[in-house]
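> Sharing a structure here in structure tokens format.
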Amino acid sequence: MGETSSVYSMCGMCAVRCPIRVEVEDGMVKWIEGNPHVPGIEGSLCAKGSAGLAFEYDTERPQHPMIRTGPRGSGQWKKATWGEALEFISGKLKEITKKHGAKAIALADRSGPFTDLTKSFMKALGSPNYLDHDATCGKNVNIACQSLLGYGRGDLGYDFTNTKHIVLYGRNVFESLQVKEVNNILDALEAGAKLTYIDIRATVTASKADKFLMIRPGTDYALNLALIHVILKERLYDVDFVSKWVTGLAELESFVAAYTPPWAEKETGIPAREIIDLARDVSASKPGVIFHGGWMLARYVDSFYSSRSIYILNALMGNIEAKGGLIIAKGAKDAGAKSLHSLGENIPEVKDKIVDAEMAGKSMGTGHIVNLYKAIRTGQPYPIKAFFAYRYDPIASLPDPEAQKKTLDNLELLVSIDVNYSETGWYSDVILPEATYLERSNILSVQKGPKPSIIMRKQAISPRYDSKPAWEIFKLITEQMGSGKYFPYNSIEEIWNYQLDGTGVKISDFDAKGSVSLSSKPIMMDRAALKFNTPSGKIEIVSPSLAKSKFESLAPYVSPKKPDVGSFRLAFGRTAVHTHAQSQNNVYLNEIVPENVLWLNDEEAEKLGIKDGGMAMVSADGYSGTIKVKATPFIHPEAVFMLHGFGNEIPLKTRSFKKGLRDTKLESGLLETVDPVGGGVAYLECMVSVKKA
Ligand SMILES: Nc1nc2c(c(=O)[nH]1)N[C@H]1C(S)=C(S)[C@@H](COP(=O)(O)OP(=O)(O)OC[C@H]3O[C@@H](n4cnc5c(=O)[nH]c(N)nc54)[C@H](O)[C@@H]3O)O[C@H]1N2
Ligand SMILES: Nc1nc2c(c(=O)[nH]1)N[C@H]1C(S)=C(S)[C@@H](COP(=O)(O)OP(=O)(O)OC[C@H]3O[C@@H](n4cnc5c(=O)[nH]c(N)nc54)[C@H](O)[C@@H]3O)O[C@H]1N2
Ligand code: SF4
Ligand SMILES: [Mo]
């Protein structure tokens, strides 16, 4: 046997980034498991995490920089050295900057803990245009939460371990999973906590719930208004908490007066009796209860208000900073520690405004990827000519790939920095392969939470192909652009030492467990002295910041459109064994779930003459595809459902090539359809017709 070592790092098979322990023998990864030192993880990993080995040793991923030789998307490439690729990129960037200024360069990434690097890179180039994926994910929820509490959704953790009742709206926790969260929820259920699950179909989470309520698609807001109605009418709320910390209760009370349970029954299909029981049942366990903000309510045109109603329910339960409720995440400062230095600290501020700062008809917030597309398409408010997609695949994750490609054709430079061949990479001018999560280290990051800590992703093995870590790629580009002085580091250790300077923490402190905790105990705020980052310092049901932007705080409910006969709302979601559109080609994961099927209500299937296991033709606005049908009573008759991320069209990924159907192709015409307040992409406003194939 050769030399064996054990490295603590972070999984990279999805954006959750669970802590891991990697066993390396003779420079090869032999074993990956959850970091045994981390409570809630204790060695466990999900299937995707375990398939990290197959990902690492796959040959069907980019092995060197590639420069396009044929038309965009033609699949004609030449192999390039890093020198050639960087020369090509900087040549284009210089031309673009000369003609349009540095603000014509944009970068979008998948956000997360390491964005200090990408934000600093953009700052070094002199562009304000750092954007992220969040308009396709939790944006509405985030902004809804902010408008009430002054904190974003990510600033609030869920104390599952101590909770008494969890209410989930399409938050499919056991399939769309985070390892630690799953373990904590399972512990809570074992200790007697209740789980209420609301979805348009019965998922694995539904099967573990005490109560599953099947809801008509897009009507969660009606359900919540009726819940609030009951809670106020019967004074089931936390009176002390609400009188101390919540403003706008009188307005809320008159607003929900008409939204009674019998009214909501007609909208949602959930019996009035169930709604009343749920309101009473959850309230009986307050404040140790959780109405989960989730993500899936973030995908209709009224998702901002349905998400906001979830946080109103939380406020009424008085569960903020309460055991078993929502806990405000604490950072280094809360632990009395010094935070990490930012790589951008010494780079001059950019004067130009981000592209969507003053866009016409603008939603709340900035940095929305959809607005970047708008600017690329129209040249307004100013032209965007270069786009870096880093750890991000918009062509696979935003609606309507064809409309996107037309828009992206206005660019003079499209670069994808990825570990896979992504759809965006395939359409780009240059692909730069990043070293995989097992082959690289990342910059350090502070993980906020009840016990804040500094986390480290640490290289376990050498890159197998001609790839580089992100910090080096961005450093080399800034050097080529004459801004090298802003990235003076020559190794990741130099970066780490710079980040840690003055914190009292050393690189070697990470050896024992892979992270460094900044507090020995969970930090809780005094419930008598809470702080909300709103103008009044309280939870604002009527929000001045919304009013300032001319948006209502309490918007009337609008009933979603019912689909025509033979037509259905297209819903989508995840399986526990795949990550978005990036894992379908993984040897192991492909074997477990090689393609997607269409969930169709069995009675609707019968009307259409389609049998369980038969084939259907699904069409929307100029696009049709065939897919196998799962006819089942466990989905609402107004919707069909398919897993997201299938239907890969990149021939170099041979195992997943043309397997299954791509949901985003059916979402044609929806690229710029967003919730008007939160700005989140309204994917679920998609109707498809279904016929027997
Ligand atoms: N395995 C795995 N886990 C993941 C990810 C992954 O790719 N793979 N991705 C991560 C990411 S980025 C995210 S954002 C989360 C997403 O986490 P979730 O939002 O929990 O994930 P989805 O699987 O998209 O599930 C959405 C559910 O909403 C339901 N739904 C659709 N319309 C409605 C409606 O009108 N009302 C209600 N109540 N339900 C509705 C759908 O039927 C579906 O079951 O998962 C994370 N975890
Ligand atoms: N129709 C439909 N659209 C959706 C969704 C849906 O369910 N249905 N889900 C939405 C949601 S919630 C989200 S969050 C988005 C997600 O959309 P994306 O953020 O685009 O998806 P990811 O799968 O996280 O990965 C993006 C890219 O990062 C690459 N990557 C992975 N690891 C690394 C790495 O270490 N380095 C580099 N450089 N690249 C890496 C992957 O190969 C992939 O090409 O999609 C959204 N779009
Ligand atoms: S949830 Fe699974 S794939 Fe995602 S980071 Fe954790 S172990 Fe890795
Ligand atoms: Mo997401």
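The values are calculated or read from the model by the stated rules, or taken from the named source; none is laboratory data. Quick caveat, the model's predicted, so the values are computed rather than measured. Cβ: placed from backbone, ideal geometry, glycine included. Neighbour counts: every protein chain shown. Quick note on the areas: whole protein, heavy atoms, side chains included, nothing else; ligands and nucleic acids left out. Shrake-Rupley method; radii C 1.70, N 1.55, O 1.52, S 1.80 Å.
> Kindly provide the trypsin sites (Lys or Arg not before Pro) of the stretch 165-237 that DSSP labels as loop, not H, G, I, E or B, and whose Cβ sees at most 10 other Cβ atoms within 10 Å. It would help to have the intermediate numbers written out before the result.
On the way: sites: Arg171, Lys180, Lys194, Arg201, Lys208, Lys211, Lys233, Arg235; in loops: Arg171, Lys208, Arg235.
Answer in residue order: Arg235.
> Share of the chain's accessible area from carbon and sulfur, percent, 1.4 Å? Mind dumping the intermediate values first?
Details: 13550 of 26380 Å².
Carbon and sulfur together cover 51 percent of it.
> Also: For the stretch 540-693, report the accessible area per residue in Å² (1.4 Å probe, heavy atoms, rounded to an integer). Numbers along the way, then the final one.
Details: 6640 Å² over 154 residues.
Accessible surface, normalised per residue, equals 43 Å².
> What FRET efficiency comes out for the pair Lys98/Glu349, r = Cβ-Cβ distance, R0 = 30 Å, nearest 0.05? Before the final figure, lay out each step's value.
On the way: r = 22 Å, r/R0 = 0.74.
Efficiency computed from Cβ-Cβ geometry: 0.85.
> If you don't mind, another one. Solvent-accessible area per residue for the stretch 1-71 at a 1.4 Å probe radius, Å²? Walk me through the numbers before you get to the answer.
On the way: 2880 Å² over 71 residues.
Computed with neighbouring chains in place, this is 41 Å² per residue.
> If you don't mind, there's one more thing I want to ask. Between Lys658 and Ser285, what length in nm is gained on full extension when 0.36 nm per residue of separation is reduced by their alpha carbon distance? Mind showing how you got there, number by number?
Details: separation 373, 0.36 × 373 = 134.28 nm, distance 4.94 nm.
This chain segment gains 129.3 nm when fully extended.
> By the gyration tensor of its Cα atoms, with a ≥ b ≥ c the square roots of the eigenvalues, what is the shape of the stretch 524-618: rounded for a/c under 1.5, prolate for a/b over b/c, or oblate? The partial results should precede the final answer.
Working: a/c = 3.69, a/b = 1.74, b/c = 2.13.
Judged from the Cα gyration tensor, the stretch 524-618 comes out oblate (a/c at least 1.5, b/c at or above a/b).
> Could you provide, to the nearest whole Å², the per residue accessible area of the stretch 317-420 with probe 1.4 Å?
On the way: 3800 Å² over 104 residues.
With all protein chains present, the stretch 317-420 gives 37 Å² per residue.
> Report the equivalent ellipsoid semi-axes for the chain in whole Å, largest first, defined as the square roots of five times the eigenvalues of the gyration tensor built from alpha carbon atoms. Mind dumping the intermediate values first?
Numbers: eigenvalues 291, 191, 138 Å².
Equivalent ellipsoid semi-axes, largest first: 38, 31, 26 Å.
> So, one more: Could you give the length gained by full extension between Glu23 and Glu552, i.e. 0.36 nm per residue of separation minus their alpha carbon distance, to one decimal place?
Length gained, Glu23 through Glu552: 185.0 nm.
> Which is the longest stretch in the chain that no exposed loop site breaks, taking sites as GluC sites (Glu not before Pro) with a DSSP loop state and at most 14 other Cβ atoms within 10 Å?
Numbers: sites that count: Glu3, Glu42, Glu234, Glu345, Glu349, Glu358, Glu552.
Counting only loop sites that pass the neighbour cut-off, the longest clear stretch is 359-551.
> Hey, another quick one. Taking the Cα centre as origin and putting +1 on Lys and Arg beta-carbons and -1 on Asp and Glu beta-carbons, what dipole magnitude results for the chain, to the nearest 20 debye? Can you show the working numbers first?
Values: 82 positive and 80 negative charges, 153 e Å.
It comes to approximately 740 debye.
> State the Kirkwood hydrodynamic radius of the stretch 339-388 in Å, one decimal place, computed from all pairs of distinct Cα atoms. Mind dumping the intermediate values first?
Details: mean 1/r = 0.0791 Å⁻¹.
Taking every pair of different Cα atoms in the stretch 339-388, averaging 1/r and inverting gives 12.6 Å.
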